[in-house]
2 protein chains.
Amino acid sequence: MPSDSSILSDGLYMRTNTALDAYLQPRLKAIEQALDQWLPAPGAHPRQLPEAMRYATLDGGKRLRPMLCIAAAEAVGSTMQQVLPTACALELIHAFSLVHDDLPALDNDTLRRGKPTCHVQFGEAIAILAGDALFAHAFHLIALQAEHSPAERVVRVLQLIADATGVDGMVGGQVEDILSEHEPVSPATLAYIHSRKTGALIRASVLSGAILGGATPEAEQALHAYGTALGLAFQIVDDILNETGDPARLGKATGTDRARQKATYPRLYGLDASRARAQQELQNALDALKPFGAEANPLRWLAHYIVEREQ
Amino acid sequence: MPSDSSILSDGLYMRTNTALDAYLQPRLKAIEQALDQWLPAPGAHPRQLPEAMRYATLDGGKRLRPMLCIAAAEAVGSTMQQVLPTACALELIHAFSLVHDDLPALDNDTLRRGKPTCHVQFGEAIAILAGDALFAHAFHLIALQAEHSPAERVVRVLQLIADATGVDGMVGGQVEDILSEHEPVSPATLAYIHSRKTGALIRASVLSGAILGGATPEAEQALHAYGTALGLAFQIVDDILNETGDPARLGKATGTDRARQKATYPRLYGLDASRARAQQELQNALDALKPFGAEANPLRWLAHYIVEREQ
């Protein structure tokens, strides 16, 4: 239990959930519409690729990364409309990473968001290329962001997102994750994997919203700390849910990390210590938001949601 | 034979080759040094990934795309140093595309630049992720370009390169290429594949140099026409060499297109008509450069080289 336990009392948590739902609903709708509009439409050429890109992205997912980008932008005085291209770019990068991670040569998963994975549906070749095309399309959307933002800010966001996804970010974390299967795991390697495999893109989602929204250096620093704590909390909870979650609710198989002897928090520290660490990171994320007032409430609600979710 | 046949007379062609070599040598050295410097160094984490990225990029390749970027920048009055990050980004994108195209689920090639392909050397999982990391790293370098160029130009180049690589560019062309194997090929589908699979990135290489170099709209338009003709010529020659080339000299297997009944110029039009079309596109490329003086000679030499190469 974090020190600021009052915020987790039942009554407040229920109010928080209701407030979060009211916050999420119109934004989710706008994100879905924008993704649908900005993803390529099926046509004569190329065959199958737009279909596979849409299959891997639409009708599923919590849209957590776009939501964090939007909430961070709003916390520093900007609006959803101002950051929507970059918010959607972050979701495309997430979708790309799932398509490639699910491939037979990697995690070999066949179920994702309650549907057959992309390579099961379209074949391996199209899935590899659909991932590539989603990644390229994310950068198309980041360039589109220049219609709403000064080019200097767009370039900063480009650097941030490219670095969060590349060799020292998401892809680097995924490589260590795979190489660490069936190996003894050190705390240093686990920390490396967790900070990069999902943490880097989650932090980049928060920071890109902050940068595009025109955050002061102090606000940016606070949101950097928030995003770092949140990214770590997210991955720990993901590890826990892979052990204890309901596959029907999660829309994907569970127990897969244990079967592959993956480097996870529960494996190295046990479930109880993992839950305590997730709560601690939630508290760290909330503490980082202390310089903000009510304008950062959605970021607070999202932090609670991420740690207390069951899917 | 193109109408301007004098430019192809033996004596002039030999002088052109010597001039091209003198032009290429210092630039090749600078590109190799920059790639070596900007690619991640092997370290504790992530294991294997920097090695695989370097393996797929260094010690091989003609560096044609960076060279076209540099030559276009110089043709409009800029310098190699000013565009080197973007020039190298283009090479990383090319290397990424080769790594993924060679995968067992796609072209299943085992030899590239005279070496085992990336997945043969590092395994399929690392090869897929090394391709992804090279693609991400290309955008890292495009962001780095902002140290030399106004952010507005960098954003234009970002848009150009993202579009040239995505669903309506390189990846879209590659999808149609795969889906057209063992199928009757229509001229429309062949034109679609050729303009996108390699043509889009070659044109983007020329145009990114032009944009970063500060080309006038007229110069940009001329270089757009040059890049389009050159991209088509390049792919036709690639198709011809796959039929008639020397595997030892090419550093990769030949006859593979025919074995897979790929959509190629020789398959649809025959070798003689393909050679004539390549010469015609060379002439179109040279014609597009008529507004330029000697400052565009390297672009002229490169066009000759691309059409008359044997590797």
Those residues that are facing chain A (nearest Cβ under 9 Å), of a type outside the set (Phe, Trp, Tyr) and under 17 Å from B:PRO266 (Cα atoms), I need them from the range B:186-220; list them, please.
B:ALA188, B:THR189, B:ILE193
Working only within the range A:39-62, note down all residues that are away from chain B (no Cβ under 11 Å) and over 17 Å from the mean Cα position of the chain (by Cα).
A:TYR55
Looking at the range A:181-191, is at least one residue touching a His at 6+ places or on another chain (Cβ under 9 Å), modelled with pLDDT under 95 and under 26 Å from B:PRO40 (Cβ atoms)?
yes
B:GLU181 meets each of (1) buried (at least 20 other Cβ atoms within 10 Å of the Cβ); (2) in contact (Cβ under 8 Å) with a residue 12 or more places away in the chain with one exception, condition (1)
When you go through A:ALA133, A:ALA125 one by one, which is the residue that is in a helix (DSSP H, G or I), in contact (Cβ under 8 Å) with a residue 24 or more places away in the chain and touching a helix residue (DSSP H, G or I) at 6+ places or on another chain (Cβ under 9 Å)?
A:ALA133
Candidate set from the range B:68-99 (those that are more than 16 Å from B:LEU141 (Cα to Cα) and within 13 Å of the chain's Cα centre (by Cα)); member that is farthest from the other protein chains (Cβ to nearest Cβ):
B:LEU68
Any residue at all in the range A:190-198 that's among the polar types (S, T, N, Q), closer than 18 Å to A:ASP168 by Cβ and within 17 Å of the chain's Cα centre (by Cα)?
yes
Criterion: within 18 Å of the chain's Cα centre (by Cα) and among the acidic types (Asp, Glu) - qualifying residue of B:ASP109, B:ASP21, B:ASP36, B:ASP102
B:ASP102
For the range A:199-223, name all the residues that are without any contact (Cβ under 8 Å) to a residue 60 or more places away in the chain and in contact with a helix residue (DSSP H, G or I) (Cβ under 8 Å, 6 or more places away or on another chain).
A:GLY199, A:ALA200, A:ARG203, A:ILE211, A:GLU220
One residue from B:LEU271, B:LEU299 being within 19 Å of the chain's Cα centre (by Cα) and either of a type outside the set (Lys, Arg) or more than 21 Å from B:ALA22 (Cβ to Cβ) (or both)
B:LEU299
Hey, does the range A:283-296 have a residue that's among the acidic types (Asp, Glu) and within 30 Å of A:ALA22 (Cβ to Cβ)?
yes
Members of the range A:136-185 that are assigned to a helix (DSSP H, G or I), over 26 Å from B:VAL155 (Cα atoms) and more than 8 Å from chain B (Cβ to nearest Cβ):
A:ASP177
The condition of being part of a helix (DSSP H, G or I), surrounded by fewer than 20 Cβ atoms within 10 Å (Cβ to Cβ) and free of Cβ contacts under 8 Å to residues at least 60 places away in the same chain holds, among B:GLU295, B:GLU243, only for B:GLU243
Residue satisfying all of: in the range B:117-135; more than 7 Å from chain A (Cβ to nearest Cβ) and over 18 Å from A:ASP168 (Cβ atoms); surrounded by the fewest Cβ atoms within 10 Å (Cβ to Cβ) among these
B:GLY123
Can you pull out the residues in the range A:256-270 that are assigned to a loop (DSSP other than H, G, I, E, B) and in contact with a helix residue (DSSP H, G or I) (Cβ under 6 Å, 6 or more places away or on another chain)?
A:ALA263, A:THR264
Just to check your reading of the model, which residue among B:THR256, B:THR228 is away from chain A (no Cβ under 14 Å) and under 26 Å from B:ALA73 (Cβ atoms)?
B:THR228
Looking only at helices (runs of 4 or more DSSP H) that fall completely inside the range B:1-96, which ones have 2 or more residues that are acidic (Asp, Glu), on the phi < 0 side of the Ramachandran plot and modelled with pLDDT of 95 or more?
B:10-38
Before we move on, is A:LEU230 under 19 Å from the mean Cα position of the chain (by Cα) and surrounded by 24 or more Cβ atoms within 10 Å (Cβ to Cβ)?
yes
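The values are calculated or read from the model by the stated rules, or taken from the named source; none is laboratory data. Worth saying up front: this structure is predicted, and the values here are computed from it rather than measured. Quick reminder, even Gly has a Cβ in these numbers, built from the backbone with ideal geometry, and neighbours come from all protein chains shown.
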